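Below is one structure, written out as structure tokens, with a few remarks after it.
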Amino acid sequence: MHLSYLVNIHTSLWYVIITFNYLFLQFSLFLVLTWDLRRSFLLLRRLDNRRRHPPSEFPVFQPPSSSYSSCRRYV
């Protein structure tokens, strides 16, 4: 085999590897950004729901009086 042939194979393999790395990085960046956007969208929607329905409309958890007094005993 000629040396130039091996060099050509080597450079083309490097091009393939670099291209796949680039595509993988782009795809992972895309996933991270969409996940982050989804999280912020869900958070904004939750905050908007809280603004539309103030906490007084939600049922408030009231602990039973016995467990509350037993907790207060150790404070």
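Every number here is computed from the coordinates shown, using simple stated rules; none is lab data. Since the model is a prediction, treat every value here as computed from it, not as a measurement.
Give a residue-ordered list of calculated ³J(HN,Hα) values for the stretch 31-40 (Karplus: 6.51 cos²θ - 1.76 cosθ + 1.60, θ = phi - 60°; whole Hz; x for Gly, Pro).
5, 5, 5, 5, 5, 5, 5, 5, 5, 5
Two decimals, Cα atoms only, Kirkwood Rh: what is Rg/Rh over the stretch 1-51?
On the way: Rg = 22.0 Å, Rh = 14.3 Å.
Ratio of gyration radius to Kirkwood radius: 1.54.
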